[in-house]
């Protein structure tokens, strides 16, 4: 039967359309994407609250972004917060080691010890961690830390001398300075004492030792008695050893220092509300640079072989309000060195 030219053309177009649709249907079958590596889980132990720790967490994130990490794709950060207490560390560490994270970033020695007690294999990255990690037994040496700990220190060898020099420049006729320890150990065996003693002798200062803990059970001491004893021993200023105990009691310690007219220098700008002076590494810089160690561990490096780095950026704060309360005039040469002046 002759369909005629128009019908034949219509039949041809229909056949071509059917063939094309069949071909496109085959091409539309989705290709499976190549399997992606599972994102690395990195734990973070903060001593403070989530709000207070936000700048450090952002600094770590920024350092990881600089190294090409996309959070949620190549890496997943799992922060934990102790809310200013050391007791929650074991429980928080247990959350991170089941299943094991690829590394844990910490900011103080108690956290290092908690992780090491829970796991002998998980890499630990210090974002500051300690001013004296070798003396504290956290690492074997800066160049070859050994074990599972690497990262950034919170101090340099000349830090004790720098702090004492700043105190002497601010306090006229300073001759006797105290070091107030706050660790769970007798003050005489605090590993910072050696460096401070040598620095004090070089500056012609006498060093008096005090402690925020009692010598027997290391319970909190009578802070009033500590300051009364310093006044009785003619101490003219003091260096405060940063620790959880000092951090949690800094309003009381600051009030006692003002009442006893004792200028002080603390180790970090985090304490600028409590101290006349603070001098220490820039905290955010430490957290940003800690990302380098996290990255190298993800690439397969062993923490035992990753040199621990020293801080290179420092903050120096002067609290003018406390200076006025102490009746001190801060020299212009000191104010010019400050990275921040608290009015």
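For the range 109-165, how many residues meet the condition of being part of a loop (DSSP other than H, G, I, E, B), in contact (Cβ under 8 Å) with a residue 40 or more places away in the chain and within 30 Å of residue 237 (Cβ to Cβ)? Of the residues in that region, 10 qualify. Please indicate, with yes or no, whether at least one residue in the range 148-163 is in contact with a strand residue (DSSP E or B) (Cβ under 9 Å, 6 or more places away or on another chain) and surrounded by fewer than 20 Cβ atoms within 10 Å (Cβ to Cβ). Yes, because at least one residue in the range 148-163 is in contact with a strand residue (DSSP E or B) (Cβ under 9 Å, 6 or more places away or on another chain) and surrounded by fewer than 20 Cβ atoms within 10 Å (Cβ to Cβ).
Table: residues versus (1) touching a strand residue (DSSP E or B) at 6+ places or on another chain (Cβ under 8 Å); (2) modelled with pLDDT of 95 or more; (3) crowded, with 20+ Cβ neighbours inside 10 Å; (4) in the same structural domain as residue 223 (by TED's automatic domain parsing).
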residue: 103; (1), (2), (3), (4): yes, yes, yes, no
residue: 120; (1), (2), (3), (4): no, no, no, no
residue: 145; (1), (2), (3), (4): no, yes, yes, no
residue: 167; (1), (2), (3), (4): yes, yes, yes, yes
residue: 189; (1), (2), (3), (4): no, no, no, yes
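Would you confirm whether any residue within the range 244-262 is part of a loop (DSSP other than H, G, I, E, B), at pLDDT below 95, surrounded by 21 or more Cβ atoms within 10 Å (Cβ to Cβ) and touching a strand residue (DSSP E or B) at 6+ places or on another chain (Cβ under 9 Å)? Within the range 244-262, not a single residue is part of a loop (DSSP other than H, G, I, E, B), at pLDDT below 95, surrounded by 21 or more Cβ atoms within 10 Å (Cβ to Cβ) and touching a strand residue (DSSP E or B) at 6+ places or on another chain (Cβ under 9 Å). Which residue, of 253, 245, 262, 277, is within 25 Å of residue 132 (Cα to Cα) and either more than 28 Å from the chain's Cα centre (by Cα) or not assigned by TED's automatic domain parsing to the domain that holds residue 189 (or both)? The conditions single out 277.
For the range 325-343, taking the residues that are assigned to a loop (DSSP other than H, G, I, E, B) and without any contact (Cβ under 8 Å) to a residue 24 or more places away in the chain, the one that is farthest from residue 269 (Cα to Cα) is identified as 329. For the range 223-232, the condition of being in a loop (DSSP other than H, G, I, E, B) and either free of Cβ contacts under 8 Å to residues at least 60 places away in the same chain or surrounded by fewer than 16 Cβ atoms within 10 Å (Cβ to Cβ) (or both) holds for none of the residues.
Among residues that are buried (at least 16 other Cβ atoms within 10 Å of the Cβ) and within 13 Å of the chain's Cα centre (by Cα), residue 131 is included.
Determine whether residue 209 is surrounded by fewer than 18 Cβ atoms within 10 Å (Cβ to Cβ) and in contact with a strand residue (DSSP E or B) (Cβ under 8 Å, 6 or more places away or on another chain). Considered against the rule, which asks whether it is surrounded by fewer than 18 Cβ atoms within 10 Å (Cβ to Cβ) and in contact with a strand residue (DSSP E or B) (Cβ under 8 Å, 6 or more places away or on another chain), residue 209 comes out as yes.
Quick one: how many residues across the range 55-87 are part of a loop (DSSP other than H, G, I, E, B), surrounded by fewer than 15 Cβ atoms within 10 Å (Cβ to Cβ) and under 19 Å from the mean Cα position of the chain (by Cα)? Qualifying residue count for the region: 4.
Residue-wise test of (1) within 30 Å of residue 119 (Cα to Cα); (2) at pLDDT 90 or above; (3) out of contact with any helix residue (DSSP H, G or I) (no Cβ under 6 Å at 6 or more places or on another chain).
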| site | (1), (2), (3) |
| --- | --- |
| 16 | no, no, yes |
| 43 | yes, yes, no |
| 49 | yes, yes, yes |
| 56 | yes, yes, no |
| 65 | yes, yes, yes |
| 72 | yes, yes, yes |
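Of all residues in the range 169-187, those satisfying the criterion of being within 18 Å of residue 135 (Cβ to Cβ) and surrounded by fewer than 19 Cβ atoms within 10 Å (Cβ to Cβ) are 184, 185, 186. Evaluated against (1) in contact (Cβ under 8 Å) with a residue 60 or more places away in the chain; (2) in a helix (DSSP H, G or I), residue 279 falls short on exactly one condition, (2). Candidates 317, 339: the one that is surrounded by 15 or more Cβ atoms within 10 Å (Cβ to Cβ), farther than 21 Å from residue 143 by Cβ and within 26 Å of the chain's Cα centre (by Cα) is 317. Look at the range 303-324: where a residue is at pLDDT below 95, no partner that is surrounded by fewer than 19 Cβ atoms within 10 Å (Cβ to Cβ) and part of a helix (DSSP H, G or I) sits 6+ places away or on another chain with Cβ atoms under 7 Å. Screening residue 265 with (1) touching a helix residue (DSSP H, G or I) at 6+ places or on another chain (Cβ under 6 Å); (2) free of Cβ contacts under 8 Å to residues at least 60 places away in the same chain; (3) under 23 Å from residue 153 (Cβ atoms) gives one miss only, at (2). Flag: residue 270 does not match the condition of being more than 13 Å from residue 126 (Cβ to Cβ), assigned to a helix (DSSP H, G or I) and touching a helix residue (DSSP H, G or I) at 6+ places or on another chain (Cβ under 6 Å).
The values are calculated or read from the model by the stated rules, or taken from the named source; none is laboratory data. Owing to the predicted nature of the structure, the values given are computational and were not obtained by experimental measurement. A quick note on method: Cβ atoms are made from the backbone with ideal geometry, for glycine too, and the neighbour counts reach across all protein chains shown.
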